[in-house]
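Visitor: Questions regarding the structure given below will be posed in turn.
Derivation of every value follows stated rules applied to the coordinates shown; laboratory data play no part. Bear in mind that the values here come from a model prediction, so they are computed numbers and not experimental data. Backbone-built Cβ (ideal geometry, glycine too); neighbour counts: all protein chains shown.
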Amino acid sequence: MPTAEPSSGEPSSGEPSSGWLRGMLPLLLVALLAQGDQHGYALVQQLAAQGFGTVRGGALYPVLGRLENDGLVEAHWQAGEGGPGRKVYRLTDAGWARLREERVGWEHFSGSVDRLLARVDDVDRERT
């Protein structure tokens, strides 16, 4: 399977860098699955609609596979309407527990980053 990147490189029009997206993709997928069972293409569409850019299958499906192996999501095949079936992913109880933990961790981490960047803004203003 090709190792496509979540986005095509440098951020454009406010999209996150590919490195940020790669690191956050498991949490983002779990958060989307908390809203209901979904197949891979729907997850890609929702990520794009939320401003995360285009996530390719070569990045998406390995992450979903790891989440499944870790017991955070489970998958089942759903018959297609006039087409092939789809693999639909669902968040497990363990996935819900992990999402709760990660939310707390994210709030702490993002607050720390915000404080650091605010200090950089202050220093930058003093330089000009």
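Visitor: Say we join alpha carbon atoms closer than 10 Å with springs in a Gaussian network model of the chain; which of PRO84, PRO62, PRO26 then has the biggest fluctuation?
Guide: Comparing PRO84, PRO62, PRO26 in the GNM, the peak value goes to PRO84.
Visitor: Kindly write out, for region 78-86 in residue order, the coupling ³J(HN,Hα) from the Karplus curve 6.51 cos²θ - 1.76 cosθ + 1.60 (θ = phi - 60°), rounded to whole Hz, with x marking Gly and Pro.
Guide: Going residue by residue, I get 10, 4, x, 8, x, x, x, x, 10 Hz, with x marking Gly and Pro.
Visitor: Follow-up. Picking from LEU117, LEU33, LEU43, which is most flexible by a Gaussian network model of the chain using Cα springs under 10 Å?
Guide: Of the options given, LEU117 has the highest mean-square fluctuation.
Visitor: As a check on your grasp of the helix formula, calculate [θ] at 222 nm for the chain: sum -39500 (n - 2.57) over DSSP H runs of n ≥ 4, divide by the residue count, round to the nearest 500. Present the calculation step by step, with values, prior to reporting the outcome.
Guide: Values: 4 runs with 74 residues, N = 128.
Using -39500 (n - 2.57) per qualifying helix, the result is -19500 deg cm²/dmol.
Visitor: Explain nothing, just the number: dipole magnitude of region 54-121 about its Cα centre with +1 on each Lys and Arg Cβ and -1 on each Asp and Glu Cβ, in debye rounded to the nearest 20.
Guide: Numbers: 10 positive and 10 negative charges, 30 e Å.
Dipole about the Cα centre, nearest 20: 140 debye.
Visitor: Please check which bits of region 34-49 a label hung off GLN78 would reach, taking the label as a point 7 Å along Cα-to-C-beta and the cut-off as backbone N under 12 Å.
Guide: 36-43
Visitor: Considering the chain as a Gaussian network with a 10 Å cut-off on Cα pairs, which listed residue, GLY53, GLY85, GLY19, attains the greatest mean-square fluctuation?
Guide: GLY85
Visitor: Okay, moving on. So if I place +1 on the C-beta of Lys and Arg and -1 on the C-beta of Asp and Glu, and nothing else carries charge, what would the dipole magnitude of the chain be about its Cα centre? I want it in debye, nearest 20. Don't skip to the answer; put the middle values down first.
Guide: Working: 13 positive and 17 negative charges, 37 e Å.
Dipole of the chain, to the nearest 20 debye: 180 debye.
Visitor: Projected onto the charge dipole of the chain (+1 at Lys/Arg Cβ, -1 at Asp/Glu Cβ, origin at the Cα centre), which of THR54, LEU28, TYR89 gives the Cα projection farthest towards the positive end?
Guide: TYR89
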